[in-house]
Amino acid sequence: MLIEALIEYGLFAAKAITLILALGLLLIILIRARPGAGGSDDDGHLEITDLGERYRDLALGLKQATLPPKVYKKLLKEERKAEKERAKATEQDSERRRIFVIDFHGDLMASEVGGLRELISALLLVVREDDEVLVRLENSGGAVHEHGLGASQLLRLRQQGVALTIAVDKVAASGGYLMAVVANKILAAPFAVIGSIGVVAELPNFHRWLSRNGIDFEQQTAGEYKRTLTLFGENTDEARTKVREQLEDVHTQFKSFLIEHRPDLALDQVATGEYWHGEQALALGLIDELRTSDDYLLAAHAEADLYRVSYEVKKRPLERLLGSLHWAAARWLQPHGGR
C-alpha cells in the first residue's frame, strides 16, 4: 500500500509540475508580447564601476584593520597624496590604456544577451586603439540560437579591431564555449570546465499517459517537417531521424565556427561532447592560459584603468518570478547543447 501511495503521489506531482510549467510558459509569452517587452532600448541603463578605486579601497580597509592607528594615519595621508598625483597624471595622460570588464552569467536561454548587445554598442562608440574588453564568462550552454547571437555580439568587438579577452573562472561549456571561442585570448582557472562541444535535444512525451486516460491530441500542420518530435502526439522513427539530422547539421556548423576562430584545434579530439578542466583544456588548445580573472586584472592594475560596465534592467516582481519558470521550462522543452 505504501509503494502504491508513493507511485500515485509521484504521478500527481509530475502532473502538477507539468501544469505549472505550461502556465508559466503562457504567462511568459503574454509578457513578452506586450509593448516594450524583450529588452527594448528604454528598459535599462549603463552602470560603471571603477575597479581600480575599489581595489584601493579594499586595501585601505584591510590596512586600517591591521595596522596601528598612527601608522595607518600616516599611510592614509600618503595614499591621499598619491591619489591626487594619479588624478593629475590621468588628466595629463588622457590616452592611458583602459580595460572594460563585462560579467556574463549564462543560462539556458542566454537571457543576458540583450544587455550584452547594449554594452557592446556603447563600448564601440568610445574604445580606443589600446583599450581592451575582458568578459568574465560563466556559461554552461543552452539554446543554440540564443548563444549563437551572444557569440555574434562578441564578434562585433573583434571585427572592429578591439582586443577581446575571455576569462573563464568556472565554466564555458557548449554554447558557452561557442561564445568564448571568438576571443583573441581565452583564460581559464585550473579547475574551470571547458568544452562540451556537442548538441542535444530532449523533451518528455505524454502520449501514452493521454491514451490511457482517454484524451485525444489533435495537431494539424502544413509542411512535411513543420513538427517532428512532439510533447503530446505519438513520435515516429521518421521524426526521430529528422531531428538527429538537424542536430548533426548544427554540430557541423558549431565545428566550422570553432575552426574559423581557432584553426589549430583537432576537432576529432575536442568536438565529441566531452568537457575538460583547465590543464587538459590548455593541452588541447581550447584555451590559451591558466589564470583567474582576478590575477589578470590585478596584474593589469598598475598600467591600465579598470572599469566594470553593466547594463541594468529593472524587472517587475512577476518577471523575476517567471524568470525561474522560464529556466525550468527551457530545460524541458528547448533543444540545446549542454554538458
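For the reader, a short list of remarks on this structure follows.
- Test: residue in segment 92-115 that is modelled with pLDDT under 95, more than 30 Å from LEU154 (Cβ to Cβ) and either touching a Lys or Arg at 6+ places or on another chain (Cβ under 8 Å) or polar (S, T, N, Q) (or both): yes
- In the set (1) closer than 30 Å to SER121 by Cα; (2) surrounded by 10 or more Cβ atoms within 10 Å (Cβ to Cβ); (3) modelled with pLDDT under 70, the condition left unmet by PHE12 is number (1).
- Residue that is surrounded by the fewest Cβ atoms within 10 Å (Cβ to Cβ), among those in segment 267-313 that are over 18 Å from ASP130 (Cα atoms) and among the acidic types (Asp, Glu): ASP268
- Pairs linking a residue in segment 60-73 that is in a helix (DSSP H, G or I) to a residue that is loosely packed, with under 12 Cβ neighbours inside 10 Å, with Cβ atoms under 8 Å and 6 or more positions apart or on different chains, do not occur.
- Among the candidates VAL101, VAL135, residue that is in a strand (DSSP E or B), closer than 17 Å to VAL309 by Cα and over 14 Å from the mean Cα position of the chain (by Cα): VAL101
- Taking each residue of segment 101-115 that is of a type in the set (Asp, Glu) and looking for partners that are surrounded by fewer than 18 Cβ atoms within 10 Å (Cβ to Cβ) with beta-carbon atoms closer than 6 Å, six or more apart or interchain, yields ASP107/TRP327.
- Restricting segment 204-228 to residues that are surrounded by 14 or more Cβ atoms within 10 Å (Cβ to Cβ) and of a type in the set (A, V, I, L, M, F, W, C) leaves a set whose member that is nearest to GLN253 (Cα to Cα) is PHE206.
- Among residues of segment 254-266, those that are out of contact with any Gly (no Cβ under 6 Å at 6 or more places or on another chain) and surrounded by fewer than 15 Cβ atoms within 10 Å (Cβ to Cβ), counted: 5
The values are calculated or read from the model by the stated rules, or taken from the named source; none is laboratory data. Worth saying up front: this structure is predicted, and the values here are computed from it rather than measured. Because the Cβ atoms are built from the backbone with ideal geometry, glycine has one as well, and the counts that use them run over all protein chains shown.
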